[in-house]
Amino acid sequence: MTNLLSVVIPAYNEEVSLETYLPEVINHCKRNNYTLIIVNDGSKDKTAEILKKYEGEATLKVVTHKVNRGYGGAIKSGIKSATTDFVITIDADGQHYLEDIGKLLDATIKEDADMLIGSRKGNKGQDWYRSLGKHLIRSIARAMVKMNIYDLNSGMKLCNTKLAQKYLKLCPDSMAYSDVIALLFINLGHKVEERPIRIKERIGGVSTISTMTAVETIKEILNVVVLMNPMRLFAPLGMFFILVAIAWDIPIFIKSLEDPTIDGVSVGALLLFMTGLILFMFGFIAEQLALIRKNQI
């Protein structure tokens with residue numbers, strides 16, 4: 001059992017929460033024979049000092065970044081350091097219940113899943129602005145990728161370590177990591193399941209999630225779609241331009257039947273139609289490149 005699970009926690013300026021949360025996590029990992037990997041992502045507070053107090057703990061491995069690489073960058077370093085069969089990520093702010101780790105691990109083994117996402121659906125506490133942003137991201141992701149996952153950007157994800165390590169090079173260092181790693185598993189044909197988890201108030205610190213985080217996440221989702229399944233993006237765009245061109249030209253074509261001096265095809269409609277065809281062709285070419293990439297991965 002000692003080589004079964006690693007718990008990865010990215011930490012950036014989390015001295016307040018780690019002071020009380022870290023001993024609890026260490027004891028939980030000891031009881032369950034988990035490996036605990038904490039990544040100090042260039043913290044400027046006393047995070048490093050707090051971690052130094054526990055450097056003698058056999059279950060604890062500390063990875064230190066000299067500069068801040070971002071949420072995704074920290075998680076990627078933690079997963080690279082893992083040597084266990086499975087790895088789970090949780091936040092350093094104390095919002096996750098440690099008991100849920102074992103539940104997700106048991107469900108992963110039982111379902112033979114490659115990734116199990118801890119869903120926060122039904123949990124209260126988020127303001128309307130962040131809820132709206134997450135709803136927008138989920139809607140765009142579902143439009144681009146066929147899936148039945150609700151909480152795509154949950155910070156609590158348990159997955160096969162070797163698969164995660166293989167796909168880290170395709171993941172961003174930003175907060176968009178959570179969405180991208182899940183989309184990669186889904187797009188590349190791995191079994192991704194979801195189970196409910198509980199969330200509590202953060203112990204300390206301030207969330208760094210902002211409007212730009214949502215914009216960055218949407219951009220990274222589109223990157224994954226273009227990389228892995230480009231026709232999901234190019235086909236709807238091409239069809240949109242072609243339909244607009246047809247709608248534009250129908251009245252002109254009808255008038256040309258009544259008046260032979262009127263050209264039945266307008267320049268604007270023709271331009272839109274050609275744009276749609278070009279987008280379709282780009283999609284077909286990108287689809288072939290995507291197949292090559294998938295085989296290489």
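Among the aspartates and glutamates, which have Cα under 20 Å from the Cα of residue 110 when same-chain residues fewer than 8 positions away are ignored?
By straight Cα distance, residue 110 reaches 85, 99, 100, 193, 194.
Test of understanding: in a Gaussian network model of the chain with alpha carbons linked when under 10 Å, which of 257, 227, 104 would top the mean-square fluctuation ranking?
257
Out of 85, 263, 45, any idea which swings most in a Gaussian network model of the chain, alpha carbons joined below 10 Å?
Looking only at 85, 263, 45, the biggest GNM fluctuation is shown by 263.
Restricting attention to the range 51-108, which trypsin sites (Lys or Arg not before Pro) occupy a DSSP loop and are surrounded by at most 16 other Cβ atoms within 10 Å?
Details: sites: 52, 53, 61, 66, 69, 76, 80, 103; in loops: 53, 66, 69.
Loop-located and lightly packed - 53, 66.
At 222 nm, what helix-only mean residue ellipticity would the chain give, in deg cm²/dmol to the nearest 500, using -39500 (n - 2.57) for each DSSP H run of four or more? Spell out each step's value before the answer.
Values: 10 runs with 159 residues, N = 297.
-17500 deg cm²/dmol, from helical runs alone.
Relative to the longest principal Cα axis of the chain, at what angle does helix 267-296 sit, 0 to 90 degrees, rounded to 10?
Around 40 degrees separate the two axes.
Taking the C-alpha atoms of the range 158-297, how large are the radius of gyration and the largest Cα-Cα span, Dmax, in Å?
22.5, 76
Under a straight-distance cross-link criterion of Cα-Cα below 16 Å, which lysines are reachable from residue 103, leaving out those fewer than 8 residues away in the same chain?
157
Using amide H atoms built in the peptide plane, which far-off residues or other-chain residues are under 5 Å from residue 194 H to H?
117
Of the residues 16, 67, 25, which exhibits the maximal mean-square fluctuation in a Gaussian network model of the chain defined by a 10 Å Cα contact cut-off?
In this elastic network of the chain, the residue with the biggest mean-square fluctuation among 16, 67, 25 is 67.
Kindly give Rg over Rh for the chain, based on alpha-carbon atoms, with the Kirkwood expression for the hydrodynamic radius. Please list the in-between numbers first.
On the way: Rg = 23.9 Å, Rh = 21.3 Å.
Checking Rg against Rh, the ratio lands at 1.12.
Reachable lysines from residue 66, Cα under 18 Å, same-chain residues fewer than 8 places away excluded?
Correct list for residue 66: 44, 46, 52, 76, 80.
Every read-out reported here was derived from the displayed coordinates using simple, explicitly stated rules and does not represent laboratory data. Keep in mind that this is a model prediction, so the values were computed, not measured. Cβ coordinates were reconstructed from backbone atoms using ideal geometry, including for glycine residues, and neighbour counts include every protein chain displayed.
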